1. Can you give the relative contact order of the chain as a percent, counting alpha carbon pairs under 8 Å and 6+ residues apart?
2. Tell me, what is the percent relative contact order of the range 247-424, built from C-alpha pairs under 8 Å that lie six or more residues apart?
3. Hey, can you list the DSSP H helices of the chain whose Cα span along the axis is 20 Å or longer and whose average Kyte-Doolittle score is at least 1.0?
4. Semi-axes, largest first, in whole Å: what does sqrt of 5 times each Cα gyration tensor eigenvalue give for the range 347-485?
5. Could you compute the FRET efficiency for Ala332 and Asn225, with r as their C-beta to C-beta distance and R0 at 60 Å, rounded to 0.05?
6. Output the direction-averaged projected area (hull surface divided by four) of the convex hull of the alpha-carbon atoms of the range 605-709, in nm².
7. By how many nm would the segment from Ala632 to Thr447 grow when fully extended, if each residue of separation counts as 0.36 nm and the alpha-carbon distance is taken off?
8. Which Cα, out of Leu154, Ala127, Gly80, lies furthest along the positive dipole direction of the range 48-163 (beta carbon charges, K/R +1, D/E -1)?
Amino acid sequence: MPLEGVDARGRVRGLMFELTVEQRYRNTQSTNIEAVYTFPLPTEAVLLDLDITLGERKLSAVAVEKRAAERDYEAAIEKGDSALMLERAANGLCTLNLGNLLAGESATIRYRYAQLLRFEHGSVRVAIPTVIAPRYGDARKAGLDAHQVPDSDLAVAYPFALSLDLEGDIARGAIASPSHAIVTLATAMGVNVSLARGAWLDRDFVLTIAGLEGRSLATVAKDGNRYVALASFCASLPRETDQLPLAVKLVVDCSGSMNGDSIAAAKRALHRILASLHPADRFSLTRFGSTFEHVTQGMVPGDAAHVRAVAEAVGRMDADLGGTEMLSALQAVFALDARESRGTGGHRNGADVFVLTDGEVWATDEIVAAARAANQRVFVVGIGSAPTEATVRGLGAATGGAAEFVAPNEDAEAAILRMFARIRAPRVQRADIAWPASAGWTTPLPTGLFGGETIHVFAGFDTAPSGDVKLALHAKSDAAPLAATARLPAGIDADRTLARMAASTRIAYATPEEGLKLALDYGLLTDRTNLIVVHERAAGEKAVDLPQLAQVAQMHAAGWGGVGSARAMMESSVQCNMMAFSDFDALDEPQIRYRRSSAFDSSAGLAALEAFFVALLARAPDNLPSSLEELARMSAPSRLVIDAKARVAAGEREIDVVRAIVEAVWKQADRWPQHRIPLSMRRGMRGLFRDGECAALRAGMLAAVDALLATRPQPALGRVM
């Protein structure tokens, strides 16, 4: 693998967390390579910078519209230059493409991201994802291209080094890590936290800072000629004296990926939940995997007899249900006791759903959409060494619930107590925020608002605001609204980080056009923009051949599927019996189909050539035509078919002639930008045109296609830099 290791250094100031990550690559092969690595980022992080050091040169990437970035990247590779492109593969996943790393060459890639942390009932949690555990389902249906799909390999190991500086009040808390052994050292600014011994990219790094007093904060920063403000409120809702009973539906993931550490933690959590129930509460328990099983017969009372019976069932529970069909299980749970789910069963808030899972599924968007439509709050505890944050946080955020995470060595009790404090708290029916000046824009408040936790809100101003920002939470009870105040400071932060983080938040609520403009203006990585940098090599230093694809595999996530530390298994040569991969859907190459427009004229000219190009797209790269008969069936322009027949009659091999036509037409792809070409398809096609054979034939076919394109004038296409 070309990845040699990863170093990270970060800083926490107040609730702002910034991390710079260095990935070190080296090409040990005898030919140039294209390294492709999909890696995780926190779902709420904003990627700010990307640069590469290649030899003596350091180059910084810029944000470019996605399709233009892909074209520029491919063009650089074909010219023999080196290029670096970062693309968003999915929520919380990025794919890095490093093309034309020459034999024996090394490169260091650095990226920096920022994230806003939160006080949660007196504690702050910092989580740095480092590995992607295998997920159930089809990644292609989740929108990933073939080269973006991560793969795990028990035989790889990447060293990981980390240093964090905690500055100010947050450094006074009780610092601990349930994921790694750490060393703390007092500094002039606070505390430095580093890893006590060698670590690996086989588990997420987690740091908890407890014993803190949450307070409201505010800051103002420059945003070009304007200003952006951030108000962070920490408000506590009073407990109601009329503790009405709850209705809660418990759901536990018993799929194979939960085997080992995760299912043990889930069972401990369930026992703690059962112990917290009151006799007047009502609850149900459902476990799921490839199928689901209702352990209780609908909703049952939280009395001693029912709690004891369910606790015995939990003790016998195991991760023995195969795959992770979370969607069907949740839909069945949402349908349980609809009367109580609507809040007419005498319980305070209606029925809520409480899920324990590692979230290792690809169908996150579909699951979140179903939960949102069910109109029931979902509270999720993500368990394991590398839970899927997008699934866990997405379910909570979409339904007005909440999300927590528990590492394998972490006591789940604190997370369970926080969750039930949220569930039992009076619901916030409305929240109002008042800025001291008229704002040009504001970001909306989250749907799930709970006492004792931080709420972040951005706003934009033409002039620097000053004074108090006030938040009012209106609970269901008739009591007066709870108010919290954050005072804007007199000083203005000149750093652009806050403005870029605000822009990233605004993109989620903007129209596609507005979102693209924000991404380009602020240099952000999004669904519609990539980060790219091209290193133009001197004439004698360019790559001669197209690069070999070198996809960087993931380390096996520690504890996933019952497997312990991947590093330990490598050293002891233990053979492990992993969950059968037949439990996962096959990840076949996607079938891309296009409907041919009736406006295409298949006899001659540019329209016929476009129709033929569209037909090629439907078959690329593995099912391309190889005969003249296939060309005719695909409605290739008659002038090309006639030329091809003449060349075959003159002694050229039929397969060579047909492939020369395919190559000549494919090289004109930029003339039809409306037809999306996945990057994986570009790579596959590029590999077919690598040899230098039949140069005269290929040149002749290129000339024939050029002549066909000249049958009518074409608009000039400006080059996108």
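Where a number appears in this text, it was derived from the coordinates with a stated rule and is not lab data. These numbers come from a predicted model, not from an experiment. All Cβ positions, even for glycine, are placed from backbone atoms using ideal geometry, and neighbour counts span all protein chains on display.
1. On the way: 1563 pairs, mean separation 130.0, N = 721.
Once divided by the residue count of the chain, the mean separation gives 18 percent.
2. Working: 353 pairs, mean separation 41.2, N = 178.
In percent, rounded to a whole number, it is 23.
3. On the way: long enough: 261-276 (23 Å, 0.27); 695-709 (21 Å, 1.58).
Length and hydropathy pass: 695-709.
4. Largest first, the range 347-485 gives 30, 19, 15 Å.
5. On the way: r = 55 Å, r/R0 = 0.91.
Using R0 = 60 Å, I get an efficiency of 0.65.
6. Details: hull surface 24.1 nm².
So the mean shadow area of the Cα hull is 6.0 nm².
7. Details: separation 185, 0.36 × 185 = 66.60 nm, distance 5.78 nm.
Between Ala632 and Thr447, full extension yields 60.8 nm more.
8. Ala127
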